[in-house]
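A.B. asks: There's a structure below that I have some questions on.
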Amino acid sequence: MNKEPWQLTTLSRSKVLDFTFKIGIVLVLAILSQSFLAELRTLEPFISLLQQLKNGLLQHPGIVAACLALSAIILGGFISLWKQRAQTSYGMAEIVFGALLSYNSIVKLSPNFEFAKLFAVGTAIYVIARGFNNVRDARGTRLEQVSPA
């Protein structure tokens with residue numbers, strides 16, 4: 001079985017194809033990022049309008065607080081629907097969110113001890129525990145649906 005040096009084996013062909021695919025993805029992302037930056041320059045008038053809106057909202061903190069509270073209620077409703085429909089992914093998201101909250105709180109706790117930051121760490125631990133419970137409950141529900149009673 002003489003193989004010429006220019007003939008590729010199946011393994012090396014797949015590596016070449018994989019490398020070519022990755023180069024293609026990088027090129028596409030580079031082109032998309034350039035077009036995004038060009039599009040961003042055309043959005044400058046809208047950005048200044050948003051900055052003016054922000055400055056106006058800072059003069060009315062009560063309205064901002066009411067809007068944020070309403071947004072939190074609406075977002076909470078959607079998250080509740082998410083938990084009902086996909087409890088496992090919801091639980092995993094809770095675990096990740098709790099870990100990030102804990103990390104952020106601990107980093108800010110280090111220089112000078114504040115009870116509020118310690119409370120945030122405790123909240124993060126609770127969120128992580130709820131996430132694990134939701135993952136376990138979702139798996140238990142799935143098992144109950146599959147197994148005959």
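Here, each number is a calculation from the coordinates, and none is a lab measurement. In this text, all values refer to a predicted model and were calculated from it rather than measured experimentally. So basically every Cβ, Gly included, is an ideal-geometry build from the backbone, and we count neighbours across all protein chains shown.
A.B. asks: What does the highest-first list of 127-139, 14-26 look like by mean Cβ count within 10 Å?
C.D. replies: On the way: 127-139: 15.9, 14-26: 10.3.
Those peptides, ordered most packed to least, come out 127-139, 14-26.
A.B. asks: Pop a pseudo-label 7 angstrom from the Cα along the beta-carbon direction at both residue 43 and residue 79 and give the gap in nm to one decimal.
C.D. replies: 2.5 nm
A.B. asks: Could you check the spin-label model distance between residue 108 and residue 69? Points 7 Å from the Cα along Cα→Cβ, value in nm.
C.D. replies: Here the modelled spin labels are 2.2 nm apart.
A.B. asks: May I ask for log10 I(q)/I(0) of the range 26-68 at q = 0.21, 0.24, 0.34 Å⁻¹, from a Debye sum over the Cα atoms as equal point scatterers with solvent left out?
C.D. replies: Each listed q maps to, in turn, -0.70, -0.78, -1.02.
A.B. asks: Packing-wise, with mean Cβ within 10 Å as the measure, how do 71-79, 117-125 rank, highest first?
C.D. replies: Values: 71-79: 10.1, 117-125: 15.0.
Peptide ranking by packing, descending: 117-125, 71-79.
A.B. asks: Okay, next question. Would you mind computing, in nm to one decimal, how far apart the modelled labels at residue 32 and residue 53 are, each placed 7 Å from Cα along Cα→Cβ?
C.D. replies: Reported label-point gap for residue 32 and residue 53 is 2.6 nm.
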